[in-house]
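**Q** Dropping the structure in here first, questions after.
The values are calculated or read from the model by the stated rules, or taken from the named source; none is laboratory data. Since we're looking at a predicted model, the values are computed, not measured. Cβ placement follows ideal geometry from the backbone for every residue including glycine, while neighbour counts extend to all protein chains displayed.
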Amino acid sequence: MVTPQNLEQYAREGYTLCPELIGGQDLERMTRHIEAYIDRQTAAGIRPEHLDKPHLHDATFLDLCAMPAVLDAVEQFIGPDIVLFSCHIICKAKGDGLEVPWHQDAIYWPLEPMEVITLWLAIDDSTVENGCMRVIPGTHTAGPIEHVNIEHPETKVLHRGIPAEQVDVSRAVDCVIPRGGCSFHAPYLIHGSAPNRSTRRRCGFTMRFMPATTRLVREGPLSKWFKDYPLYLLRGRDSTGCNTYALR
Ligand SMILES: O=C(O)CCC(=O)C(=O)O
């Protein structure tokens, strides 16, 4: 459940944690579907951290992102007209989960204005030991920061990141979240996560939503990825007509 304190913290610090978002049969259904997807993809040789945009291959993920508990929470932050921009399963296997370098999500996205929120749902208890997400509070207002190519990219989830020397890691906050709870973070917030060397899996399902007043810029430098990229209007309407949407 999203509280007024969550909204206030998100505005002030660029992130907030909700220890309970989804439970019961909804959480079971989501977990079963995600685990089956992970099994299929890892059998095909894809690492479980790299399961980006599963909704493009499997429409059930659209239904999971449209669960009322998810959209009711997101509505508190971005209002009633809610577009699914993207989603990603980032599952770090026990003893073998890759690090996510420090980064800002926004540098990958051609969105105007850059109003988009990430809901990171804990499919497993997410702890310091199994590589929970870490954030640098307050960095969401700094705008874009230069990212560089990562050394040994095969050992990381992303190929570009912000060098650790340029991040004030003394201010990092560990997003410890029980299964079924979530965090929300803003697009310019600096965040990352450590490798999972523990004996427990750490699986997260990120869902990224924007208000229908944010435009996906399909032309320009990122058009290779976004020219034909489907957006889904999951709730409300687009009164500005700034995007085109795919049908669910
Ligand atoms: O799952 C993680 O450790 C990192 C997640 C992340 O970078 C994101 O959701 O934007």
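Yes or no, residue by residue, for (1) in contact with a helix residue (DSSP H, G or I) (Cβ under 9 Å, 6 or more places away or on another chain); (2) of a type in the set (Gly, Ala, Ser); (3) part of a helix (DSSP H, G or I):
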{"position": "HIS140", "(1), (2), (3)": "yes, no, yes"}
{"position": "PRO144", "(1), (2), (3)": "yes, no, no"}
{"position": "PHE184", "(1), (2), (3)": "yes, no, no"}
{"position": "PRO187", "(1), (2), (3)": "yes, no, no"}
{"position": "CYS203", "(1), (2), (3)": "yes, no, no"}
{"position": "ARG218", "(1), (2), (3)": "yes, no, no"}
{"position": "ASP228", "(1), (2), (3)": "no, no, no"}
{"position": "LEU234", "(1), (2), (3)": "yes, no, no"}
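For every residue, the table says whether it meets (1) within 14 Å of the ligand (Cβ to nearest atom); (2) closer than 24 Å to PRO54 by Cβ; (3) charged (D, E, K, R).
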position: ILE78; (1), (2), (3): no, yes, no
position: LYS92; (1), (2), (3): yes, yes, yes
position: PRO113; (1), (2), (3): no, no, no
position: MET133; (1), (2), (3): yes, yes, no
position: GLY138; (1), (2), (3): no, no, no
position: ALA142; (1), (2), (3): no, no, no
position: GLY161; (1), (2), (3): yes, yes, no
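**Q** Further question on the same structure: Are any residues in segment 5-44 polar (S, T, N, Q) and out of contact with any strand residue (DSSP E or B) (no Cβ under 6 Å at 6 or more places or on another chain), and if so, which ones?
**A** GLN5, GLN25, THR31, THR42
**Q** Of all residues in segment 204-229 being away from the ligand (no atom under 16 Å from the Cβ) and among the β-branched types (Val, Ile, Thr), which is surrounded by the most Cβ atoms within 10 Å (Cβ to Cβ)?
**A** Checked segment 204-229; the qualifying residue surrounded by the most Cβ atoms within 10 Å (Cβ to Cβ) is THR214.
**Q** Starting from segment 188-201, take each residue that is of a type in the set (S, T, N, Q) and list its partners that are at pLDDT 95 or above and more than 9 Å from the ligand (Cβ to nearest atom), counting only C-beta distances under 6 angstrom and pairs at least six apart or across chains.
**A** ASN196/ASN130; SER198/GLU129; SER198/ASN130; THR199/LYS94
**Q** If you don't mind, another one. Filter segment 140-154 for residues that are over 20 Å from the mean Cα position of the chain (by Cα) and touching a residue at least 12 places away in the same chain (Cβ under 8 Å) and give the result.
**A** GLU146, VAL148, ILE150
**Q** From the list LEU56, LEU121, LEU111, which residue is touching a residue at least 12 places away in the same chain (Cβ under 8 Å) and touching a helix residue (DSSP H, G or I) at 6+ places or on another chain (Cβ under 9 Å)?
**A** LEU121
**Q** Being of a type in the set (Asp, Glu), modelled with pLDDT under 95 and within 12 Å of the ligand (Cβ to nearest atom) narrows it down to one residue among GLU146, GLU99; which is it?
**A** None of the other options fit; the residue is GLU99.
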